[in-house]
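Notes follow once the structure below has been shown.
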Amino acid sequence: MYFDSIGELFAMDGHGPYVWFCYGITALVLCVILFEARRRRLGAEQRVRGVVRRKQASANKVKGKG
Amino acid sequence: MSIWTTFHKWGSPRWFYQFSGRLLPWLGGLSLLLLIGGAVWGLALVPPDYKQGNSFRIIYVHVPASAVAMGAYMTMAIAGAIHLIWRMKLAAMVMKAIAPIGASLTFLALLTGAVWGKPTWGTWWVWDARITSVLILFFLYLGVIALHQAFENREAAAKACAVLVIVGAVNIPIIYWSVEWWYSLHQPASIRFIGESSIHPSMLRPLMATMAGMYLFFAWAMLLFTRNEILDRERNTRWVQDIVCGDDKNAESNSVL
Amino acid sequence: MTLFSLALAVLRRDLLAAARRGSEWSNPLVFFVMVCALFPLGIGPEPQRLAELAPGILWVVALLASLLASDTVFRSDYDDATLEQMLLSHQALYPQVIAKTLAHWLLSGLPLSLLSPLLGVLLHLPTAGMLALMASLALGSAVLSFIGAIGAALTVGLRKGGLLLSLIILPLYIPVLIFGSSAVKTAVDGGPFLPQLAMLGVFFLVALALAPLAIAGALRISVDQ
């Protein structure tokens, strides 16, 4: 490793805040993308279940009446 | 099977969903491996730059973000063209899926580029050719997203965005070239802002890792978002209902994502 | 009807319709004058500073005026269903679209470029830049009309189309802005501005050839929805 200690790795000769901010925000944006994908998936699944439920309900109505 | 039947098979949302499902773990795993590995490599295992010191390490996240942001727009344009020419619904879904991902990566490229500027050249923003072009690309993305949301009819939205994205894609080389020309007028040749040429090539090796990782991440995210579109749009089909409710019956989840 | 006579007929009809609508076409010009007048109020009346910034200011304001004008190119035809008829008739869209865009330019961009020397005087633009200003605006605004027409065609059917229109075409305006303002600045500095004009000419030819395709496609989408 090109740094003599973990402390120096964080400080990066004064450039630490800039470098770590960039890597941090990159990780953050990528995580947000993944979380958003999951959130949308759960929403889509919910809507699919809604469709199935309505189908069941109308099928039961027909069965009940018949 | 002839080329056309193969092509149409690829255009089937159901086939795409099943095929992409098999790719997901590989794409996800490999991209995270390359991104994290490349980041560690670039942060700690490479010497600091002679001129810029440690701030040059930002290159390992900034350059992949802006490269993939550009590539994503072009992919979006190709998807749009496929939708307009062959009326393939799946292409429209892919196009819609890419927009927010590409916009996020463009924003990331702008932010990391700006922060890189501060320790290196003392200012938070520099109107140099590359960053200006990335800013314009960001505006193009925002326009596509805004146009999509403005239409109530989904099919009209898809077609309109396809037209806009293709127009944008045709314009991107013109814009980039014009901005390069503009910048060369206003800056003396002795000052060069993003002086990557001064960075020793051996120090660019981690860049290959993070670059590949970022492309794979984009492909992964694109598939995830497109699959969600498919589930949503095809919710009235039996196979989608089976996937979602079949999961419920088995009381287990197929995948986290 | 040949394509050319079709285009000519549409051109004539649009110009006559505009004449009947009265002074609506002058709104972008008034905007141009007013916003140019805002700049000295905002940045101070020192002639030297205004003169230095004048090429950029004049071009940016002309661009915004052009943006404002773009919203109107298809709106009245959309509102009275003429657009639908145009699409339903089996006549070629390409020449009609070119004619409509050129008519629009004759009513907005060309007057703008003719008015610009006056505003150049207001902003202390050196006389050396006047010809370049008029020429670059005349040619550049034609390109802007075509680009604007693409955006207008995409948004004409939408309720809040105006602001969205600005959002989607401003990035596409940028190359025209770069070369247009550079022409004026170079002329002021005593250099040759023909290369920049030539570049604008290239943009115009590309726009003339390709934009109508996008415009026609976008019109179909907007009217069909």
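For this structure, a couple of remarks:
- Rounded FRET efficiency, nearest 0.05, which uses the C-beta distance separating B:I78 from C:Q91 and R0 of 35 Å: 0.65
- Percentage relative contact order, the range C:2-223, counting C-alpha pairs under 8 Å, at least six apart: 27 percent
- Of the trypsin sites (Lys or Arg not before Pro) found in the range B:75-130, those that fall in a DSSP loop while having at most 13 other beta-carbon atoms within 10 Å are B:R87.
- Annotation for the range C:68-88 versus the range C:33-65: alpha-carbon center distance of 33 Å.
- Under 15 Å from a label point set 7 Å out along the Cα-to-Cβ vector of C:T2, the amide N atoms of the range C:85-109 belong to C:95.
- Each Lys and Arg Cβ is given +1 and each Asp and Glu Cβ -1; about its Cα centre, the range C:2-223 then shows a dipole of about 260 debye.
- Potential extension, C:D80-C:V33 segment - 0.36 nm per residue separation minus Cα distance: 13.8 nm
- Number of partner chain Cβ atoms within 10 Å, mean per residue of A:51-61: 2
- Cut-off 15 Å, label 7 Å out along Cα→Cβ of C:I43, residues of the range C:117-141 by amide N: C:120-126
- Listed by chain and number, the aspartates and glutamates whose alpha-carbon sits under 12 Å from that of C:K185, ignoring those within fewer than 8 places in the same chain, are C:E52.
- Where chymotrypsin sites (Phe, Trp or Tyr not before Pro) fall in DSSP loop in chain A, at most 15 other Cβ within 10 Å: A:Y2
- Modelled spin labels at B:R22 and B:R205, positioned 7 Å past Cα toward Cβ, are 3.5 nm from each other.
- Pair B:W121, B:S12: separation of 7 Å Cα→Cβ label points (nm): 5.4 nm
- Shape category assigned to the protein assembly as shown from the gyration tensor of Cα positions, a/c cut at 1.5: oblate
- Note on the range C:2-19 and the range B:131-168: Cα centroid distance 32 Å, given to the nearest whole angstrom.
- Nitroxide proxy distance, nm - points 7 Å out along Cα→Cβ at C:A198 and C:A19: 4.0 nm
Every read-out reported here was derived from the displayed coordinates using simple, explicitly stated rules and does not represent laboratory data. A quick note: this is a predicted structure, and the numbers were derived from the prediction, not measured. In this analysis, Cβ positions are derived from the backbone assuming ideal geometry, glycine residues included, and neighbour counts consider all displayed protein chains.
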